[in-house]
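The values are calculated or read from the model by the stated rules, or taken from the named source; none is laboratory data. Keep in mind it's a predicted model, so treat the numbers as computed, not measured. So basically every Cβ, Gly included, is an ideal-geometry build from the backbone, and we count neighbours across all protein chains shown. These area figures cover heavy atoms from the full protein model, side chains too; ligands, DNA and RNA do not enter into them. Shrake-Rupley method; radii C 1.70, N 1.55, O 1.52, S 1.80 Å.
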Amino acid sequence: GNLHERYVREWAYAQAANGYVDFDPTTQQFSMSPEQAMIFHHVDSPVYLVAAFEMVAAMIEAESKVEECFRNGSGVRWGDHAGCLFCATGAFFRPGYVNNIVQYWIPALDGVEAKLRRGAVVADVGCGVGFSTLLMADAWPESRFVGFDFHAPSIEEARRHAAGHGYGDRVRFEVAAAKEIAEEGFDLITMYDCLHDMGDPRGCAAHMRRILAPDGTWMIVEPIAGDAPADNMNPVGRLYYNASTMICVPTSLDQEVGEGLGAQAGEARLSDVVRDGGFASVRRATEGPFNMVLEAR
């Protein structure tokens, strides 16, 4: 017990020195302020960042693979980076989805929420472990949802998340690359933080145009970024450029075309990609501290 206590105390001193918890030298007690708890304790807080540390650990684990890419110009397949990068990524984006998709992002789209209330068919492309798909399915029980991802282990995880929640046949998950989705006629296609990871985002945009219903909407959620690198020299850019170097760009370069947009592509470049796919209009529907939401029609 005593040895265990020494380890925990030393670790707690480290967290206090980091500023992650507070330490009172008079009482020798450790505590968390409400602000610290928002980041480290409340899992549904919009600024819960524990998974960011898990992503950093995954990036360190994958460092030698990415270094090899720097030397030979190749890429790293999504899911091959590290032990559970896809779990960490899903957990990192989850607080933003929990606090924004239903409350702000979908309502910012033109006429989409009314369709979802009546009953629409939705494709969540690049759904990962399915958090985004299931949040929408919970909010709009009249609609049907299909989550697509090219990474089979993520789809297995998504199916596990959905199991036993009574969705029946109105929610399913399928393994498919974005450009190879055979189903069509979707009223809404959502893409949460994944278009910039794709090897061929322009080819993907053209395929989204084909599989959308004539009056359908494509919602593209991407990391917030200005159009010039100088606009992104800030704490959010610091997080995204580093993740992009270690994850997003190597992932894109591993796929065909390998455009390598990066996580800080910016609205102008993303809009150009979308218009290349045959969409007549693209607009920024809304934004938050970590994301921008584009609506293509």
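A few remarks follow.
- Search result, residues across the stretch 125-150 that are within 18 Å of the chain's Cα centre (by Cα), of a type outside the set (A, V, I, L, M, F, W, C) and assigned to a strand (DSSP E or B): Gly147, Asp149
- If you go through the stretch 66-101 and keep only what is over 18 Å from Asp149 (Cβ atoms) and among the charged types (D, E, K, R), you end up with Glu67, Glu68, Arg71.
- With respect to the conditions (1) surrounded by fewer than 19 Cβ atoms within 10 Å (Cβ to Cβ); (2) in a helix (DSSP H, G or I), Gly166 falls short on a single one, namely (2).
- Count of residues meeting criterion [small (Gly, Ala, Ser), in contact with a helix residue (DSSP H, G or I) (Cβ under 8 Å, 6 or more places away or on another chain) and closer than 26 Å to Glu256 by Cα] in the stretch 153-184: 3
- Close pairs (6 angstrom Cβ cut-off, 6 or more residues apart or separate chains): farther than 21 Å from Arg210 by Cα in the stretch 158-179, open to solvent by less than 70 Å² (accessible area, probe 1.4 Å) and not hydrophobic (A, V, I, L, M, F, W, C) anywhere: Ala158/Gly130; Ala158/Gly147; His161/Gly130
- Restricting attention to the stretch 18-43, the residues that are assigned to a helix (DSSP H, G or I) and open to solvent by 80 Å² or more (accessible area, probe 1.4 Å) total 3.
- If you go through the stretch 171-202 and pick out every residue that is among the charged types (D, E, K, R), in a strand (DSSP E or B) and in contact with a Gly (Cβ under 6 Å, 6 or more places away or on another chain), you end up with 1.
- For the stretch 60-105, filtering for residues that are of a type in the set (Gly, Ala, Ser) and touching a strand residue (DSSP E or B) at 6+ places or on another chain (Cβ under 9 Å) leaves 1.
- Checking the stated criteria, Ser64 turns out to be open to solvent by less than 90 Å² (accessible area, probe 1.4 Å), farther than 29 Å from Arg9 by Cα and either outside any helix (DSSP H, G or I) or modelled with pLDDT under 95 (or both).
- Qualifying positions in the stretch 114-128 - open to solvent by 10 Å² or more (accessible area, probe 1.4 Å), touching a residue at least 24 places away in the same chain (Cβ under 8 Å) and more than 20 Å from Ala205 (Cα to Cα): Lys115, Arg117, Arg118, Gly119
- When the criteria are applied in full, Gln15 fails the requirement of being under 19 Å from Pro95 (Cα atoms), part of a helix (DSSP H, G or I) and of a type in the set (S, T, N, Q).
- Where a residue in the stretch 266-290 is at pLDDT 95 or above and its partner, wherever it lies, is assigned to a loop (DSSP other than H, G, I, E, B) and open to solvent by 70 Å² or more (accessible area, probe 1.4 Å), with Cβ under 6 Å and at least six apart: Gly266/Asp227; Ala268/Asp227; Ser281/Arg297
- The set of residues in the stretch 242-261 being surrounded by fewer than 19 Cβ atoms within 10 Å (Cβ to Cβ) and either aliphatic (A, V, I, L, M) or over 13 Å from Val76 (Cβ atoms) (or both) consists of Asn242, Leu253, Glu256, Val257.
- Verdict on Phe53 being at pLDDT below 90 and either assigned to a helix (DSSP H, G or I) or in contact with a Ser or Thr (Cβ under 6 Å, 6 or more places away or on another chain) (or both): no
- Number of the exception - Arg209 against (1) more than 21 Å from Ala58 (Cβ to Cβ); (2) in contact (Cβ under 8 Å) with a residue 60 or more places away in the chain; (3) out of contact with any Lys or Arg (no Cβ under 6 Å at 6 or more places or on another chain); (4) open to solvent by less than 60 Å² (accessible area, probe 1.4 Å): (4)
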